[in-house]
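Structure record follows, encoded as structure tokens.
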Amino acid sequence: MKNTALTFKKAKEDGEKLTMITAYDYTTAKLVEKSNINSILVGDSLGMTMLGLEDTLSVTVEDMIHHSKAVARGVKDTMVICDMPFMSYTNTDIAKAVENAGRLMSEGRANCVKLEGGTEVKEIIKAIVDAKIPVCAHIGLTPQSINSLGGFKVQGKDIETAKKLIADANAVEEAGAFAVVLECVPKGLATKISKMLSIPTIGIGAGYGCDGQVLVYQDMLGMYDDFTPKFVKHFANIGEDIVEAFNQYDKEVKEGIFPTDDHSFKIKEDVLNQII
Ligand code: KIV
């Protein structure tokens, strides 16, 4: 059965945990579809993991559409959530934000969009939801704001910032978001927010009290070593396996072991003799 915003609502009501993982291409999306994971986030983290950028700020709506389309082609039941990139919903009029969200749905074939921010984006979330586009919110450490947050830091550690996060969580729920990502939030605070909200919280670096979890797939598979945050667990070491396979291929080609007749196409001897 297709995972939708309603699946998220029901999971919260039934106390069942939700899973989300990033993917940015058709092949990976097909692998996620074969698993039990509920949803794929086509995250703007693709700026780092796929494009080698140092942050998410240069990612465009076109980039997101390009990757989201590829992911959407690889799934059937997995919900596809597409990130709205930096400046595609803030610093623009609300109509333009709705239009950009619409493009991620109609051209990117996403099932819903995600955007960063709390009270300050409440009206934007409302307008997108009114346009019948489900919105997943994202509060706490919001990577599109690293320059104003002063870097990748845990958020909500003192009374003032914790209260701000609670206000943000309430604001996005009131605006109509169907779920909210809590990134780099102390586990006690994330647990309180999860109990307070009627929509599911999806944690990343926010502890086990959240209603679900999200991870970047290259992080959890041990494929990306530019930077490994504390909250990442390596569920496999695919990066090492890939390098080993590359080396084995290199060795076999150079030693004449690969390819063999099994990997080659035949031509009749008499045809061959008549050409040269
Ligand atoms: O872009 C992304 O991958 C994200 C996750 C870290 C939640 O927003």
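Any chance you could list the semi-axes, whole Å, largest first, of the equivalent ellipsoid that the Cα gyration tensor gives for the chain, using √(5λ)?
Taking √(5λ) for each eigenvalue gives 41, 21, 18 Å, largest first.
Among K132, K266, K17, which one shows the highest mean-square fluctuation when the chain is modelled as a Gaussian network with alpha-carbon springs under 10 Å?
Evaluated over the chain, the most mobile residue of the options is K266.
For K153, which aspartates and glutamates qualify as cross-link partners when the Cα separation must be under 15 Å and same-chain residues fewer than eight apart are set aside?
Candidates past the 8-residue exclusion: D55, E183.
Near D93, within a Cβ-to-Cβ distance under 13 Å, what is the net charge of the other residues, with Lys and Arg +1 and Asp and Glu -1?
-1
Please report the relative contact order for the chain, taking Cα pairs under 8 Å with a sequence separation of at least 6, and give it as a percent rounded to a whole number.
That works out to 15 percent.
When N counts the residues of segment 4-78, how does its alpha-carbon radius of gyration compare numerically with 2.2 N^0.38 Å, as a ratio?
1.20
Averaged per residue, what accessible surface does the chain expose to a 1.4 Å probe, in Å²?
Result: 54 Å² of accessible area for each residue.
Which entries of K34/K268; K30/K132; K76/K187 show an alpha-carbon separation above 31 angstrom in the structure shown?
K34/K268; K76/K187
What's the angle, to the nearest 10 degrees (0 to 90), between helix 159-175's Cα axis and the longest principal axis of the chain?
Taking Cα atoms only, the helix is inclined about 80 degrees.
Relative contact order (percent) for segment 101-256, with alpha-carbon contacts under 8 angstrom and 6 or more residues of separation?
Relative contact order, segment 101-256: 16 percent.
The values are calculated or read from the model by the stated rules, or taken from the named source; none is laboratory data. Note that this is a predicted model, so its numbers are computed, not measured. Positions of Cβ are backbone-derived with ideal geometry, glycine not excepted, and every protein chain shown enters the neighbour counts. Please note that ligands, DNA and RNA were not included when accessible areas were found on the heavy atoms of the full protein model with its side chains. Shrake-Rupley method; radii C 1.70, N 1.55, O 1.52, S 1.80 Å.
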